[in-house]
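To keep things clear, I will list the structure first and then write my remarks on it.
Here, each number is a calculation from the coordinates, and none is a lab measurement. Note that the structure is a prediction, hence the values are computed from the model and not measured. Note: ideal-geometry Cβ built from the backbone for every residue, glycine included; neighbour counts use all protein chains shown.
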């Protein structure tokens, strides 16, 4: 007599076997995964494809770029006791902390405790910025930008040391070769999520002598190789942050378009190597677009910045506009398949310089009319974000 295996049992056995096989392959990876909180090696999520599988929400935001006026505001908020950036992020704290995984972009590096600090053109920010980010609910940040080497290897090291101190993870820059080779992994829902980050340049500053791995360059072959290594290290979802594009241009440039197409087309075993691209650098909001079935955020704009002047020398309010991307991921029906984005949202935000605060625009406008500047910001952000037809693929404004 033939014994019939119930579908639930068969699914569980399949999940276990697939997870075991993937765990074996991870052992041969040249890019060791960072260990989770439990200290266990990173392996593919055994929950994917099982009845207990759980989805997650991702929040990602744009450039944190503390100009001198921003630093002064944090000093004022600290009331003579150092620098306090927590009030600056308080308006978006509910959005950030409400996500299962929240990622920021730390564009600048940190100076020594107590300073001196500086804004444009060579930034050295107070280390307390990291404390503000952590308090807002961020889990980690991309740290590869054109300003990553503004103070050489020392500035890079101070920044990542502070991240370690406050409990933020990072991707895109590294203090050692081993750190550069490791995959930054997060747990979100029942998924293991990898975060990779790259920059188009470092403003002409050379990589520190003997440290070619200090900052990740934006090279297609490297990004794809790193994404595949992340899969071998156990990642169910691979997120790629890229510091790219043309400043003050709403439309993505040809490099963004061509690299975006290439990265989203890259596959291994019929599965995309990269699950989402998160762009920064342009200083203004850029479009979201679904390319080859994968969401690309070309540019989220600035989250924190002082007065911004465009290439004509004119004060440009768009330099204080940004969008927060919020995406809901659902687990696949079968382990080893792609996690799907089931809900895509953007949340308009604005750095209100008069208040020295990042403003959650939908929330602020819901509390009452009378802020034409907030309405103008919301409308401009929406127009930019939706300018490549993302609405037809389900992108909506979140609250």
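In plain terms, the chain from residue 253 to residue 153 could stretch by 32.9 nm, reckoned as 0.36 nm per residue minus the Cα-Cα distance.
By other beta-carbon atoms within 10 Å, ranking 248, 339 with the fewest at the front produces 248, 339.
Per residue, the convex hull spanned by the Cα atoms of the stretch 264-399 measures out at 124 cubic angstrom. In plain terms, the bigger the Kirkwood radius, the slower the diffusion; for the stretch 319-358, with that radius from Cα pairs, at 25 °C and 0.890 mPa s, Stokes-Einstein puts D at 195 µm²/s. For the stretch 261-307, the spread of Cα positions along the three principal axes, ordered from largest to smallest, is 48, 14, 13 Å. The simple spin-label model puts a point 7 Å past each Cα toward its Cβ; for residue 330 and residue 342 those points are separated by 0.4 nm.
Relative to the longest principal axis of the chain, what angle (0 to 90°, nearest 10) does the C-alpha long axis of helix 7-26 take? Approximately 60 degrees, to the nearest ten. Ellipsoid fit via the Cα gyration tensor, the stretch 205-332: semi-axes of 28, 19, 13 Å, each the root of five times an eigenvalue, largest first. Under Stokes-Einstein, with the Kirkwood radius over Cα pairs as Rh, the value for the stretch 44-193 at 10 °C and 1.306 mPa s is 98 µm²/s. Helix 372-385 and the longest principal axis of the C-alpha atoms of the chain enclose an angle of approximately 40°. Counting only the Cα atoms, the stretch 126-277 fills a convex hull of 132 Å³ per residue. In terms of other Cβ atoms within 10 Å, 198, 321 run from fewest to most in the order 198, 321.
Using the average count of surrounding beta-carbon atoms within 10 Å as a protection proxy, the listed peptides 310-318, 235-243 rank, highest first, as 235-243, 310-318. Helix 220-232 and the longest principal axis of the Cα set of the chain meet at an angle near 50°.
The distance between label points at residue 262 and residue 393 comes to 1.9 nm (points 7 Å beyond Cα on the Cα→Cβ vector). Using just its DSSP H runs of length 4 or more, each adding -39500 (n - 2.57), the chain gives a mean residue ellipticity at 222 nm of -8500 deg cm²/dmol after division by all residues. Give the dimensionless ratio obtained when the Cα radius of gyration of the stretch 320-388 is divided by 2.2 N^0.38 Å. Scaled against compact globular proteins, the figure is 1.46. From least to most packed, judged by other beta carbons within 10 angstrom and beginning with the fewest, 128, 249 follow the order 249, 128. Approximating the spin labels as points 7 Å out from Cα along Cα→Cβ, the residue 177-to-residue 81 distance works out to 4.5 nm. The fraction of all Cα pairs in the chain landing in successive 10 Å bins from 0 to the largest distance is 5, 24, 33, 24, 10, 3, 1, 0, 0, given as whole percents.
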